[in-house]
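Just so it is clear, none of the values below were taken in a lab; they were calculated from the coordinates. None of the values given here were measured: they were computed from a predicted structure. Methodologically, a virtual Cβ is constructed for each residue, glycine included, from the backbone with ideal geometry; neighbour enumeration extends over all protein chains shown.
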Amino acid sequence: MSDSQRINPPHYLVWHNAVSPESLEVRQWSDDQVRSWFNAVGKSRTYNGYTHSGHTFNGKETFVAVPFALWPNGDGDSFEEDTWRMIQMVDDPKGYVCWHAGNWPINCDSIGVETYGRYDDKDLPDNATWTLACFVRANGNLWAGNSPVIKGHREVSQTCTDCPNRIMNHLNTLRDMIANPTKYQDNYFTYEQKQAMQKDLEYIKAFISGAYDAPDSLARRISDNNAKVIDPKLKLLNARVEAVEAKMAAISGGVGSGSTSDTTAILELQNEVKTIKLDLSKLSGTNAAQSTGIAVGGLLQKIFNFRNNKKP
Ligand SMILES: [Zn+2]
C-alpha cells in the first residue's frame, strides 16, 4: 500500500517501545508468537478499517506495522540477564512502507524496530542495545550509506506519543556501540555470541572427560547449568587451567628432545595460560564469562592439538 513512495534504501532507524506484556512466558515467546502478537496489534490498531496491508511475511499477509522486533530470550536468571535477538516480521523491510512513525515521510524513509516490554519506569538492559547494535553493524545495507540515522519514535512522530519512553536515554549508547564495538564486546553479548560460548564450553567438557580419567565435576556442572556460567564455575575453570598448566609442564619434561619447535610451542602455550589467568582474575559476572569461555576453549584446543602431535 503506497509502497511506491518508498525511499529505498531508507535513511532512518526509528526505535520503539512496544509496551508489550511482561513475564517469563512472554520473554520466552518463539519468533512466531512475537510476530503473531504484533500482527494482532497491527490489525486492531494500525490497520483498523483496512481489509489488507499489502505486506507479507513468508508469503502470508501480515498486519505488523514495524519490520523488526528486539526481543529477550528468557534465558537469564532475571530479565536483566537475558540475551536478546532481532526478529524479522515482514518479507521486505527495505521495500515496504510500514506505518509505525506517525509521520508519512518518515515512514517512507525509515525502518522501525519494536522492543519488548515497557520502559516508562525502568531502563532497557544494555544487552538489548548491544544486540541491536550488532544487528545494525551486520545489516548496514538495509540503510542508505550503510548507516542509519537513529531516532526515538517521539522525535519524529507528528502525533503525541511517549514512545519509546526511557529507551530515549539509550540512543547515544546505541550510536556508540555501533561506532566503537570493541569498547563493549567483552561486557555484553547477543544470543548468537552466547551460543558460541556454549559450544566452547561443550568442547571444554569433551576435552576434560577425554583428557582425565574420572568424570570431572566441572564438566557435569557445565552440562547441568547449560547456559548459566557463573562465578563458582569460573573458579573451577581457573583451577582447571592450572591443572592444564601442570600437565603442560609434564609434557614439556617428557618431550625432552629439546628441539626449538617444541620449546617455542610450549612457551607460546604457557604465555596463553598466563593471559587466561589474568582474564579470569578480572572476572566478576556472567557477561565476562562469555569471552573467557571462548578464550579458554581456544587455549584447550591448542593444547589438545599440541598434545596429539606429541603422541609417539
Ligand atoms: Zn513507537
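Brief remarks follow.
- Sequence of His153, His170 once ranked by neighbouring C-beta atoms within 10 Å, starting from the fewest: His170, His153
- Likely footprinting exposure, Cys98, Cys134, fewest C-beta neighbours within 10 Å first: Cys134, Cys98
- Cα shape, region 114-191, gyration tensor, a/c 1.5 rule: oblate
- Each of Ile7, Ile167 was scored by other Cβ atoms within 10 Å of its Cβ. Arranged with the fewest first, they read Ile7, Ile167.
- Evaluating kT/(6 pi eta Rh) at 20 °C and 1.002 mPa s, with the Kirkwood radius of region 1-75 over Cα pairs in the Stokes-Einstein relation, gives 153 µm² s⁻¹.
- Given Lys122/Lys194; Lys122/Lys151; Lys60/Lys122; Lys94/Lys194; Lys60/Lys151, the pairs whose alpha carbons are separated by over 27 Å: Lys60/Lys122; Lys94/Lys194; Lys60/Lys151
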